[in-house]
Amino acid sequence: MNTATDVADHHEHEHGAPSGIMRWLTSTNHKDIGTLYLWFSLFMFFFAGALAMLIRAELFQPGLQLFQPGVFNQLTTMHGLIMIFGAIMPSLVGFANWQIPLMIGASDMAFPRLNNWSFWLLPAAGVLLIATFFVPGGALAGGWTMYPPLFMQGGIAYDMSILAVHILGISSIMGAINIITTILNMRAPGMTMMKMPLFVWTWLITAFLLVAVMPVLACAITMLLTDRNFGTHFFDAAAGGDAVMFQHIFWFFGHPEVYIMILPAFGIVSTIIPAFARKPLFGYVSMVYAVASIAFLSFIVWAHHMFTTGMPVGGQLFFMYTTMLIAIPTGVKVFNWVATLWRGSITFETPMLFAIAFVFLFAIGGFSGMVLALVPVDIQLQDTYYVVAHFHYVLFSGSAMAIMGGVYYWLPKWTGHMYDERLGKVHFWLTAVAFNITFFPMHFLGLAGMPRRIPDYALQFAEFNMISSLGGFLLGASQLLFLYIVIKCARGGLPAGNRPWDGADTLEWTQTSPPPYHSFVTPPLVK
Amino acid sequence: MRLPNRPDQRVGPSLRAILAVSALLAGLLPAQVHAEFGLNLHAPATGLAQNIYDLHTLILWICCAIFVVVFVPMFFALIRHRKSKGHPAAKFHDNLAVEVVWTIIPVLILLGMAWPATSLVLSMKDTGKEDLTIKVTGHQWKWEYEYLGDDIRFMSNSSTPKEQIDGAQPKGENYLLEVDRPLVVPAGKKIRLVMTASDVIHAWWIPAFGVKQDAVPGFIRDTWFRADTPGTYRGQCAELCGVGHGFMPVVVEVVPEARFTAWKEEQKALLAAATANAGKTYELAELKALGEKVYTANCAACHQANGAGIPGAFPALSGSAIVSGDRAGHIDIVLAGKPGTTMAAFGKQLSDLDLAAVITYERNSWDNKVGDVVQPSDIAARRK
Amino acid sequence: MQAHTDHDVYYVPPPSIWPLVGSVALLTLAGGFSMLLGKMAAGPYVMALGAGILLVMLFGWFGAVIRESLDGKYSSQVDVSFRWGMVWFIFSELLFFAGFFGALFYARNIALPMLADSQLLWPGFSATWPSAGPGANAVPTPVDAWGIPALNTLILLSSGATVTWAHWGLQKDRQFQLKLGLALTVALGIVFIALQIHEYAEAAFTIRDGIYGATFYMLTGFHGFHVMLGTLMLAVILLRALAGHFTPGRHFAFEAVAWYWHFVDVIWLLLFIFVYWL
Ligand code: HEM
Ligand SMILES: [Cu+2]
Ligand SMILES: [Cu+2]
């Protein structure tokens, strides 16, 4: 494949990795920056996960045992905020950094320095966010959705969090611009758009969503900031404002945001399944169109998060119909994955296990999404544990498990070593089982009427909460195994060779494992 | 749209036994936990809730059917098309006909679901022709009910004792779902609720009625229900509203019409008695006793039962300069609240007597030993 | 976009300290701002420190880019990257403004009428524009669209013309026309800002005056801020033009700033229509 001739002047690329800490602080290398993103997100995953353990510990039994309600609200809010902005999103950007240049045969990202800035803004925001736990009044406690007027009542942590989210937004927007430009402008000769691996497609569309909606989030939280500190009244009815207006603007960001977190996961799964079914992805073109139409629809469904705010009936119906429509492209994707498996020659390495579990469990989340799309049913279920179940099925068994599968899939490429397959499988089964023990009962809790975001609950919810907590502890503990496997693999293991997966056929597998510090310095020719 | 079988909301005995046994084996379930738990939506008590229930059942079955149709083939492939079984990989990667079919069929299914959903939305939104209108106001963390046109207005506070929450007492049957004064409505009448809030967004929710409506400060939103069977129905606030969010139950008592009329008369008599007492002077002990109740219901969530507050979040009242200082300053902050904080303007929520009582209580409890008595007339004088 | 055919080596810059400096700058700035909001005396100083670090970073980073550009390290493919980057950056800015416009439309067409429908709470209130809401005693007096705002429209439109004229000059390598056009554009930008400040000073209402004041000052304020940035960037470009940095073939920086300036122009037109006029 790599047929391009040598270019005489390699001078600019001779700089290898500087040694020591400066390699990471000043990097302009997409692989190093990708690695930074991935480690950062893993750290945040454990941080926010620890908060989740505390939540489940408090909810283990009815009554207030460990935390006052104010602290409990901080735990739920920060768990959500950090998981979304600190764990899931950065890890997906980490994948983008590592994989996109390798998959399209580019030498690096389009803007290597900007890339580094996008990363190093994350720890800055992380410091600011984590610091809020130690300021008077404690951290953000009004929910990750930051609804006013409740948001107006918080202390200085609320302003700090706004600034932190602003920084995260800058990071995301710059990262997204970088990704779009890389994909549009850096493809190797012959790599037409419709030849791009699906992972690259999903990221292209995700990056578009990011550029489009992160500024809208910035706008919404800027209004919060000025309402809190500078005398504006955007959300104050007496002055002509409206608290619900915030929700509209927030969810105009928020719904595309959930697709930002799932589309790259779709891409990862669409890469893994064909590799282990040893069969090309079924319906590549329709997959691309499905992703594009999901992205388009995601701009016009936002108010399905607001069915109980009392919109006019026309609004309720419109958003119900558009939300139901999203199920169609989503369904197409699931059908395509199943059709890819059909009559393949399937093996079950750890990445494949995660990918299959993704298809199965994500579908459950999709179905609960359908249930929630119906206004009358949503009115019963809105702000209950049913919604919590829904979004953990799409975000944990969806995004997070796809990410784990992707890590197992590409670890050999990234490190040059095979991970421990036996431990990987143990990790998978523990995760899959514990996940379901934790979150499946939440459907019942929600149906039976348990509101979300409460520190204490009525007695009829006790059994399921206890089961859920036990599952949660197991789920949390299992992830330590993941950490161990990753570290073990990074430090050594069987040599992976260029292409450890015989069914994998994207460009990165033509490179050594790990790839040279500068790969594809001269672009390969894609036939 | 109604399905023939009326699903039972209780868990089957065997599943319940398994769950209970496993939990007991772990020795973890506190003995008082015996409330029935559900697997499904509450038993409907209104026509709307019934329709929602049926719609949910319908879509649940549709989802299950699709699930089977999709995943049976997947598991078939996973079992039969394995490399270890020597299955060779096919080469196909496209099939227009199949792809068109599996795009069209979901569209049809969706249309089938949208139809009943739409008609139900329309009837839920139809708040006209009501028999009775009640204004519901959400406050941090209690509900206020006002029977429009009837001059009846009262607060409904959680009545679960703090000791139960902290585990010092066994938890009662309706733990966290009980209030001092429920909303009382006549059976078989169309009740229109007009909803608003004074501070942050709350949501008024009775699952058995199929009603959940956000209460948005400064706006009026309406919703309705008609409950035919007398009884007590319980729900909770369903929108995060601060530290007391989990302790803001909604309880509605549906009573026969005659009983409702009698109840209204009682309320009016009580109100009249209160007005008659307006000029009365009270003793310190009397006010303190009443004040403690008012304090527990309205103030303790933030300032805590021992008056110590939560450092950084809610100021302590014990030893506070305002509380042990000038009476006027103390009365003013309770009446007007502190804008931009959780401290509400209680002047709009409590009667002069309650305010006098709670202020007297605060001035003479914990470390505060001011010794003076604030009378309802003092409050009336400082109201502007 | 076609995949490129020239097998140029895409320039990957060597490791650089500036991104990290930028992060430290923003963290310091945000920390200082938090301290300021928390009424800590040190706040403004920490903020100043952050801004200082940011300036150092901007000079260092852009300095490096300009050096690399002058050294001819950027192939035509890199040039295309810069263009895409700028396009999407402007797109994101557009959506930032879209959010505030959305708030304006929502407040006027949805929130106020709903407040007027809530007669139980706000007896006698009716939805008009401008409005400071049902709790306010008076309706704010708006700025007259056909006074300063109309003049400012004229100024910004002319500045769009001058910058385009400068671009023509550059394309034909008429350096004088380039410099003059840029200088005029900068001057017009400064006049615009001065007039805008004057308008704020004269306005009969403040940002505290309900939803009208809030939307008015947020929209025009953020726009004004962008004009300031744009003017600064134009000034830098003018300096670079004076130093002879641009050739007809290679002047991406000029074009980027010109695009930005047109974007600011378009936003102003929308502001004029929806904030001042209608
Ligand atoms: C078939 C596709 C989907 C449909 C029809 C759907 C529908 C919905 C609806 C109607 C709600 C609002 C529930 C409520 O608050 O009452 C909701 C909530 C949510 N959904 Fe989905 N959803 C789908 C897929 C996804 C995906 C793919 C993700 C993320 C990867 C996602 C993440 C979320 C989250 C995070 C929330 C809750 C947000 C919050 O209130 O905190 N959903 N979904
Ligand atoms: Cu959504
Ligand atoms: Cu509430």
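Between B:Asp354, B:Asp332, B:Asp372, the distinction of being under 24 Å from B:Ala197 (Cβ atoms), acidic (Asp, Glu) and touching a Lys or Arg at 6+ places or on another chain (Cβ under 8 Å) belongs to B:Asp332 only. Filter segment A:347-382 down to the residues that are crowded, with 24+ Cβ neighbours inside 10 Å and of a type in the set (D, E, K, R) and list them by number. Hit for segment A:347-382 is A:Asp378, nothing else.
Scanning segment A:276-309 for residues that are open to solvent by less than 20 Å² (accessible area, probe 1.4 Å), within 20 Å of A:Leu92 (Cα to Cα) and more than 13 Å from ligand 1 (Cβ to nearest atom) gives A:Met287, A:Val288. Applying the criterion of at least 3 residues that are of a type in the set (A, V, I, L, M) and over 13 Å from the mean Cα position of the chain (by Cα) to the strands (runs of 3 or more DSSP E) found wholly in segment B:171-225 leaves B:191-197. Applying the condition of being within 15 Å of B:Ile105 (Cα to Cα) and within 8 Å of chain A (Cβ to nearest Cβ) to segment B:55-73 and asking which residue is surrounded by the fewest Cβ atoms within 10 Å (Cβ to Cβ) yields B:Phe67.
Wholly within segment A:10-110, which helices (runs of 4 or more DSSP H) include no fewer than the required count, namely at least 3 residues that are in contact with a helix residue (DSSP H, G or I) (Cβ under 9 Å, 6 or more places away or on another chain) and within 23 Å of A:Thr506 (Cβ to Cβ)? Outline the logic, then answer.
Values: elements: A:21-25, A:30-58, A:69-82, A:89-104.
In segment A:10-110, A:30-58, A:89-104 are the helices (runs of 4 or more DSSP H) which contain 3 or more residues that are in contact with a helix residue (DSSP H, G or I) (Cβ under 9 Å, 6 or more places away or on another chain) and within 23 Å of A:Thr506 (Cβ to Cβ).
When only residues in segment B:178-196 that are in contact with a Gly (Cβ under 9 Å, 6 or more places away or on another chain) and open to solvent by less than 10 Å² (accessible area, probe 1.4 Å) count, which is farthest from B:Asp222 (Cα to Cα)? By that ranking, first place goes to B:Thr196. Annotation for segment A:506-522: no member residue is in a helix (DSSP H, G or I), hydroxyl-bearing (Ser, Thr, Tyr) and crowded, with 22+ Cβ neighbours inside 10 Å.
Go through B:Glu130, B:Glu173, B:Glu144 for me and flag whichever is of a type in the set (D, E, K, R), touching a Ser or Thr at 6+ places or on another chain (Cβ under 8 Å) and more than 15 Å from B:Ala301 (Cβ to Cβ). Result of the check over B:Glu130, B:Glu173, B:Glu144: B:Glu144.
Screening A:Phe133 on (1) facing chain C (nearest Cβ under 8 Å); (2) over 18 Å from the mean Cα position of the chain (by Cα); (3) part of a helix (DSSP H, G or I) shows it passes everything except condition (1).
Is segment A:388-398 home to any residue that is out of contact with any helix residue (DSSP H, G or I) (no Cβ under 7 Å at 6 or more places or on another chain), open to solvent by 20 Å² or more (accessible area, probe 1.4 Å) and within 16 Å of ligand 2 (Cβ to nearest atom)? Full working, then the answer.
Step one: filter segment A:388-398 for residues out of contact with any helix residue (DSSP H, G or I) (no Cβ under 7 Å at 6 or more places or on another chain), giving A:391.
If we keep only those that are open to solvent by 20 Å² or more (accessible area, probe 1.4 Å) too, we end up with A:391.
Checking which are within 16 Å of ligand 2 (Cβ to nearest atom) leaves us with A:391.
Yes, segment A:388-398 has at least one match.
In segment A:184-209, of all residues being assigned to a helix (DSSP H, G or I) and within 9 Å of another protein chain (Cβ to nearest Cβ), the one that is nearest to A:Phe40 (Cα to Cα) corresponds to A:Ala207.
Taken across segment B:152-173, residues that are more than 11 Å from every other protein chain (Cβ to nearest Cβ), touching a helix residue (DSSP H, G or I) at 6+ places or on another chain (Cβ under 7 Å) and under 30 Å from B:Ser123 (Cβ atoms) do occur, with at least one present.
Here segment C:29-46 is the region considered, the condition is being more than 16 Å from A:Ala125 (Cα to Cα) and outside any loop (DSSP other than H, G, I, E, B), and the residue that is farthest from the other protein chains (Cβ to nearest Cβ) is C:Tyr45. B:Pro207 meets each of the listed conditions (1) surrounded by 24 or more Cβ atoms within 10 Å (Cβ to Cβ); (2) within 13 Å of ligand 3 (Cβ to nearest atom) apart from (2). Any residue at all in segment A:143-157 that is part of a helix (DSSP H, G or I), within 13 Å of chain C (Cβ to nearest Cβ), open to solvent by less than 20 Å² (accessible area, probe 1.4 Å) and modelled with pLDDT under 95? Scanning segment A:143-157 turns up at least one residue that is part of a helix (DSSP H, G or I), within 13 Å of chain C (Cβ to nearest Cβ), open to solvent by less than 20 Å² (accessible area, probe 1.4 Å) and modelled with pLDDT under 95.
Scanning segment B:298-315 for residues that are surrounded by fewer than 18 Cβ atoms within 10 Å (Cβ to Cβ) and among the aliphatic types (A, V, I, L, M) yields B:Ala300, B:Ala305, B:Ala308.
The values are calculated or read from the model by the stated rules, or taken from the named source; none is laboratory data. All values derive from a computational prediction rather than experimental measurement. Positions of Cβ are backbone-derived with ideal geometry, glycine not excepted, and every protein chain shown enters the neighbour counts. Areas reflect the complete protein model, heavy atoms only, side chains present, ligands, DNA and RNA absent. Shrake-Rupley method; radii C 1.70, N 1.55, O 1.52, S 1.80 Å.
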